[in-house]
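Chemist: My questions will all concern the structure given below.
The values are calculated or read from the model by the stated rules, or taken from the named source; none is laboratory data. Bear in mind the structure is a predicted one, so any value in this text is a computation, not a measurement. Glycine also receives a Cβ, built like all others from the backbone with ideal geometry; neighbour counts cover every protein chain displayed.
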Amino acid sequence: MPVVDIDTDELRALTGHGEKTDEEFEADLFALGLEYEGETEDGDKQFEFAPDRLDRLSVEGVARSLRYQYGDARGVHVPDPNSPDWTIEVDPSVPDERPYVTGAVVRGVDLDEAALDSLIQLQEKLHATMGRGRAKGAIGIHDLTMLKGAGLGTAGGSLDLGGSLGAGGADTGGTDAGPVIDDDALDGSEPPESLDEGPARGSGENSITYRGVEPDGDQFVPLDADAAMTPGEVLTEHPTGETYADLVEGLERYPAIYDEIGLFSFPPVINGRRTEVSTDSRDLFIELTGTDQWTIDKMCVVLCYALSARGGAIEEIEVVYQGDTYPEEYGPELVRPDLDTDEKTVGHDRIETVLGVELDREEVVDLFERSGLDASYTLGEETTRYDVTIPPYRVDVLHPLDLIDDVGRAYGFDELEPRYPDVGTVGGRHERSRLERAVRTALVGLGFEDTLNFHMTAADENYERMQIEEGSGAFGAEEAVGITSPYSEDYTQLRTWALPSLVQVLENNTHRSYPQDLAEVGFVAHRDDDENTRVAEARRVAGVVARTDATYEDAKARLQAVCDDFDAELETPAVDHPSFIPGRAAAVELDGERVGVVGELHPAVLVDHDVEVPVAAFEFDLSGLA
């Protein structure tokens with residue numbers, strides 16, 4: 001569980017509640033889910049909290065939550081950023097293992113010792129949580145007055161993702177030239193190697209470059225060092241380099257960031273001394289690199305909100321990817337930070353059911369606003385629906401229950417009165433569970449062997465080996481739900497259909513005798529932006545008939561028997577499906593609704609799975625039998 005160190009004097013200043021005692025703060029924070037853990041040697045309070053609320057990793061984020069709780073702030077606040085004056089150009093030489101970058105400029109920050117300590121803590125806490133120890137995302141923070149921006153399309157500087165605060169300088173007046181810096185200010189930086197220059201894009205007048213560098217390439221002076229080193233020397237001769245050397249181990253080229261002067265940052269390992277941030281810094285350049293664009297974008301937003309609380313004015317930057325390494329879901333040209341809000345819905349009856357209290361509609365809207373959310377409601381025939389706007393720093397709101405949790409905390413969990421349910425019930429199977437059990441029984445009665453397979457799989461098993469393309473529109477070809485950090489390359493996504501799992505079982509049992517008739521009633525899922533969770537879940541019924549004389553009719557007959565058991569009207573109009581032999585496949589329509597597919601598996605599928613006998617198969621949505 002994350003632990004954040006809080007200076008309660010800073011908390012009083014940021015909340016505007018100088019009258020609050022430490023004990024009152026402890027009680028108020030406990031109501032928000034932050035539990036007092038003790039004190040540091042410096043007298044700061046330590047609070048532990050659930051790892052979902054990463055916007056509370058700093059005193060600024062905690063103060064923002066308290067202001068909402070006290071009613072001093074309401075609704076969603078989104079800073080109004082200034083137009084971009086800086087561009088980060090991403091050169092194709094950037095290592096494929098760390099291709100993405102984001103960032104922001106923050107001007108006019110009031111950095112005293114306490115604010116600087118809080119910023120350093122937030123940076124390191126984000127590294128440890130969302131950044132996965134800098135492996136997934138790492139942050140560099142630089143003094144903007146020490147960065148010198150190049151013209152677009154030339155070798156420029158970029159930002160460090162290593163983690164320690166760095167300061168870099170560039171012309172803050174919006175001119176092309178940047179400040180004059182004498183030779184002593186270079187700290188051993190050398191001009192960057194020649195780059196393949198792409199077309200100049202972006203509107204920012206100053207440019208820095210994120211690119212790759214040879215291990216024994218350009219030198220720079222890292223933080224806490226006095227001599228210039230190459231990136232390779234940093235990994236073997238600098239304590240921080242030794243600590244994070246494994247993050248770039250095996251790379252032919254290391255990630256590097258250049259401005260017009262030269263190399264000033266070696267992410268995700270360490271920043272250059274030239275751009276170190278101090279209490280005299282007022283204008284900051286924030287940059288983040290990593291393996292996932294969404295993750296580093298959200299880390300950047302959390303930082304921007306914290307610095308905004310210190311009086312900083314957010315300024316956008318442009319990110320221009322040259323080549324084909326850009327994140328496909330965003331495109332090659334981005335404007336960051338990404339301050340877009342999100343939207344989710346939740347029903348009034350569900351809020352009351354989960355919390356166990358009766359609330360009127362205006363009170364629910366008030367509780368949402370006191371949670372830092374915006375909400376409006378629509379009257380429906382069965383229930384009132386709330387459309388809730390979620391601020392960009394909230395990375396934890398994935399489901400309607402997350403919204404209900406916010407309502408409950410704003411209401412006060414201590415205010416909820418325990419009570420017994422009005423109706424006594426006896427435990428039993430859920431209706432869906434009873435249906436699944438009945439279908440399994442019917443399948444076993446038809447000679448199938450019931451199986452239970454993993455819900456996770458790999459893309460080649462789910463698509464390629466079944467001869468279908470993701471997103472092609474074929475049954476089972478829906479867009480997959482990917483696993484962000486898969487433990488194994490064999491399990492990188494949730495399966496979108498069940499037949500590939502059964503065919504894998506056949507593949508693993510080719511040494512056993514035939515016939516092999518296998519079935520499964522199991523879970524599948526795919527991406528669906530119309531769902532609150534952006535994931536559509538379903539239960540499927542699937543079966544395979546593997547024998548020397550298996551035909552379409554064998555699968556169809558068993559499918560018909562199952563449908564007859566549940567009084568479902570079955571129709572099977574012809575359909576083309578890449579996993580099945582042309583002319584030997586049909587859609588499964590139950591009571592007029594298309595819910596599946598049935599047919600003889602294509603020889604290419606069987607050969608790829610080393611199955612030497614014909615296989616007839618079917619799959620359809622369990623809901624079609626309800």
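Chemist: Under the condition of being at pLDDT 95 or above and among the charged types (D, E, K, R), which residue from segment 577-592 is nearest to the chain's Cα centre (by Cα)?
Modeler: Taking the candidates together, the pick is GLU589.
Chemist: Of the residues ALA555, ALA538, ALA616, only one is crowded, with 18+ Cβ neighbours inside 10 Å, in a strand (DSSP E or B) and touching a strand residue (DSSP E or B) at 6+ places or on another chain (Cβ under 6 Å); which?
Modeler: That would be ALA616, the only listed residue that is crowded, with 18+ Cβ neighbours inside 10 Å, in a strand (DSSP E or B) and touching a strand residue (DSSP E or B) at 6+ places or on another chain (Cβ under 6 Å).
Chemist: Next question, about the same structure. Within segment 335-349, identify whether any single residue is without any contact (Cβ under 8 Å) to a residue 12 or more places away in the chain and either touching a strand residue (DSSP E or B) at 6+ places or on another chain (Cβ under 6 Å) or in a helix (DSSP H, G or I) (or both), and answer yes or no.
Modeler: no
Chemist: Can you tell me how many residues in segment 130-154 are surrounded by fewer than 22 Cβ atoms within 10 Å (Cβ to Cβ) and at pLDDT below 90?
Modeler: 3
Chemist: If you don't mind, there's one more thing I want to ask. Looking only at residues that are within 15 Å of VAL615 (Cα to Cα) and of a type outside the set (Gly, Ala, Ser) in segment 583-598, which one is surrounded by the fewest Cβ atoms within 10 Å (Cβ to Cβ)?
Modeler: ARG584
Chemist: Return the only residue of GLU520, GLU537, GLU507 being touching a residue at least 12 places away in the same chain (Cβ under 8 Å), touching a Ser or Thr at 6+ places or on another chain (Cβ under 8 Å) and of a type in the set (Asp, Glu).
Modeler: The unique qualifying residue is GLU520.
Chemist: Still on this structure, please answer the following. Please work out if LEU32 is of a type in the set (A, V, I, L, M, F, W, C), in contact with a Ser or Thr (Cβ under 6 Å, 6 or more places away or on another chain) and more than 27 Å from ALA138 (Cα to Cα). Write out each step before concluding.
Modeler: Values: of a type in the set (A, V, I, L, M, F, W, C): yes; in contact with a Ser or Thr (Cβ under 6 Å, 6 or more places away or on another chain): yes; more than 27 Å from ALA138 (Cα to Cα): yes.
Here the answer is yes, as LEU32 does meet what is asked.
Chemist: Also, I was wondering about something else. Pairs only if they're at least six apart or on different chains, beta carbon under 8 angstrom, first in segment 34-50 and without any contact (Cβ under 8 Å) to a residue 24 or more places away in the chain, second polar (S, T, N, Q); list them, first residue then second.
Modeler: Matching pairs, first to second residue: TYR36/GLN46; GLY38/GLN46; GLU39/GLN46.
Chemist: Go through segment 329-344 and report how many residues are touching a helix residue (DSSP H, G or I) at 6+ places or on another chain (Cβ under 9 Å) and more than 18 Å from ARG409 (Cβ to Cβ). Steps first, answer last, please.
Modeler: Kept after step one, since they are touching a helix residue (DSSP H, G or I) at 6+ places or on another chain (Cβ under 9 Å), are these residues of segment 329-344: 329-330, 334, 336-339, 344.
From the residues that got through so far, the ones that are more than 18 Å from ARG409 (Cβ to Cβ) too are 329-330, 334, 336-339.
Number of matching residues: 7.
Chemist: Here is a follow-up. Hey, can you tell me all the residues within segment 541-550 that are surrounded by fewer than 15 Cβ atoms within 10 Å (Cβ to Cβ) and either in contact with a Leu (Cβ under 8 Å, 6 or more places away or on another chain) or within 18 Å of PHE618 (Cβ to Cβ) (or both)?
Modeler: Residues of segment 541-550 that are surrounded by fewer than 15 Cβ atoms within 10 Å (Cβ to Cβ), as a first pass: 548-549.
Correct list: ASP549 only.
A quick yes/no check of all residues on (1) part of a strand (DSSP E or B); (2) among the hydroxyl-bearing types (Ser, Thr, Tyr); (3) crowded, with 19+ Cβ neighbours inside 10 Å:
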position	(1), (2), (3)
ASP226	no, no, no
SER265	yes, yes, yes
SER281	no, yes, yes
PHE285	yes, no, yes
THR289	yes, yes, yes
MET299	no, no, yes
TYR305	no, yes, yes
THR325	no, yes, no
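Chemist: Output the residue which, of all residues in segment 37-70 that are surrounded by 15 or more Cβ atoms within 10 Å (Cβ to Cβ) and of a type in the set (Gly, Ala, Ser), is farthest from the chain's Cα centre (by Cα).
Modeler: Across segment 37-70, the extreme among qualifying residues is ALA63.
Chemist: Being farther than 17 Å from ARG409 by Cβ and touching a Ser or Thr at 6+ places or on another chain (Cβ under 8 Å) narrows it down to one residue among GLY380, GLY347; which is it?
Modeler: Answer to the check: GLY347.
Chemist: Limited to segment 510-533, what total is found for residues that are loosely packed, with under 13 Cβ neighbours inside 10 Å and either more than 20 Å from SER623 (Cα to Cα) or not assigned by TED's automatic domain parsing to the domain that holds ASP610 (or both)?
Modeler: The total comes to 4.
Chemist: Mind checking whether some residue in segment 405-414 is more than 30 Å from THR129 (Cβ to Cβ) and either in a helix (DSSP H, G or I) or at pLDDT 95 or above (or both)?
Modeler: no
Chemist: In segment 20-36, is there at least one residue being loosely packed, with under 14 Cβ neighbours inside 10 Å and in a loop (DSSP other than H, G, I, E, B)?
Modeler: yes
Chemist: Turning to a different aspect of this structure: Mind telling me which of the residues ARG437, ARG394, ARG409, ARG370 ends up being surrounded by fewer than 16 Cβ atoms within 10 Å (Cβ to Cβ), at negative phi and not hydroxyl-bearing (Ser, Thr, Tyr)?
Modeler: ARG437
Chemist: Answer with yes or no whether LEU570 is of a type in the set (A, V, I, L, M), buried (at least 16 other Cβ atoms within 10 Å of the Cβ) and free of Cβ contacts under 8 Å to residues at least 24 places away in the same chain. Explain how you work it out, then say what you get.
Modeler: Values: of a type in the set (A, V, I, L, M): yes; buried (at least 16 other Cβ atoms within 10 Å of the Cβ): yes; free of Cβ contacts under 8 Å to residues at least 24 places away in the same chain: yes.
So LEU570 passes the test.
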